[in-house]
1. At q = 0.12, 0.17, 0.23 Å⁻¹, work out log10 I(q)/I(0) for the range 2-129 with the Debye formula, treating every Cα as an identical point scatterer and leaving solvent out; two decimals please.
2. Between A200, H220, L233, whose Cα lies farthest towards the positive end of the dipole of the chain when Lys and Arg beta carbons carry +1 and Asp and Glu beta carbons carry -1, centred on the Cα centre?
3. How much accessible area per residue does the chain have, in Å², with a 1.4 Å probe?
4. Over the range 9-109, with every protein chain in place, what whole percent of the accessible area is carbon and sulfur at 1.4 Å, could you tell me?
5. Restricting attention to the alpha-carbon atoms of the range 130-267, what are Rg (one decimal) and Dmax (integer), both in Å?
6. How large is ³J(HN,Hα), in whole Hz, for each residue of the range 124-140 in order, when computed from phi with the Karplus curve 6.51 cos²θ - 1.76 cosθ + 1.60 and θ = phi - 60°, using x for Gly and Pro?
7. So for the range 159-216, Kirkwood radius off the Cα pairs, Stokes-Einstein at 4 °C and 1.567 mPa s: how many µm² s⁻¹?
8. For a quick protection proxy, order the peptides 190-203, 49-62 by their average other-Cβ count within 10 Å, most packed first.
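The values are calculated or read from the model by the stated rules, or taken from the named source; none is laboratory data. Bear in mind that the values here come from a model prediction, so they are computed numbers and not experimental data. Glycine gets a Cβ as well: all are built from the backbone with ideal geometry, and neighbour counts include every protein chain shown. Ligands, DNA and RNA are stripped out before the accessible areas are found, and what is left, the full protein with its side chains, is counted by its heavy atoms. Shrake-Rupley method; radii C 1.70, N 1.55, O 1.52, S 1.80 Å.
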Amino acid sequence: MFKYLSKDFFINVDKMELDEALLKHNLSPDNIPSPFIVMLLQDGDRKILIDAGIGFSEDPIVFSGKEYIWKGQLNHLLEKENVNPSEITDVVITHFHPDHIGGVFSSDNQLVFPNATFHMHQYEWDYWHSSKSDNQPPLFKYFIEKNITPLKNNNINLITKDFQEIGKNIISVNAAGHTEGQIALIIGPKNDQLLYISDAFLHPIHIEKLNWQTNYDSDHEKARNTRLKLLDLADNVGMKINAFHFDFPGIGIAHKENSHWKWVYEK
């Protein structure tokens, strides 16, 4: 669980309109609670992890003179489900922000899921390993150097197309904007599918207010186009949606009312 600020989540909004939206959702400007929801899929012998959380370290990480403490619960939760990390056959990395990749390697630089194939988009890999990402926060680059770059010597599947199958009943969908190569996922057989949207929306307010921008998106125009793409995709097929940062477990439905959208959590 993390706490965000409204000034970062909603950056192009009139204060009065923002205050009204925050009040509607029982939020305060300095406390927007946000879980980091990792998904585990099991299909026969396959155990598929969608993202790897922020990671866990017994000791603070010292970076640029500051101490950071990461206490992600992924490994503990897998243990509670009687899942050994060595049993994970696939790890899908939707994008390379710290809260999605921090659990790939342990604090002593050991691969946490040693037998997994790691799936990620080619655009995301290329962007973060080029000069295009030089203006990104140094802490983000640190996480990538520790948790992503070393994967080049392991089993990687680089996704190159939109709507590309990456396993039985799992299709990746290009969802650029939050990052250059973010992907969403269509999960399940055709008559019963779930759309995993990763960080295309950081809060249900972003579904209701499609033009409201967040400080965490790299390209606002692409992010808005992706939001419309995913909402239309879910609406056309009648898919439930799962979001990484919505209230746990992050599952619900986006209803279209005239030209506006409304988020409803699944009970």
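1. Listed by q, the Debye log ratios stand at -0.61, -0.99, -1.30.
2. The Cα lying farthest towards the positive end belongs to L233.
3. Details: 13590 Å² over 267 residues.
Heavy-atom accessible area per residue stands at 51 Å².
4. Working: 2680 of 5420 Å².
Ligands and nucleic acids excluded, carbon and sulfur reach 50 percent.
5. So, for the range 130-267, Rg and Dmax equal 15.9, 50 Å respectively.
6. My calculation for the range 124-140 gives 5, 4, 5, 4, 6, 10, 9, 5, 4, 9, 4, 8, 6, x, x, 5, 4 Hz in order.
7. Details: Rh = 12.5 Å.
Taking Rh from Cα pairs, D becomes 104 µm²/s.
8. Working: 190-203: 21.4, 49-62: 18.5.
My ranking of the peptides, most packed first, is 190-203, 49-62.
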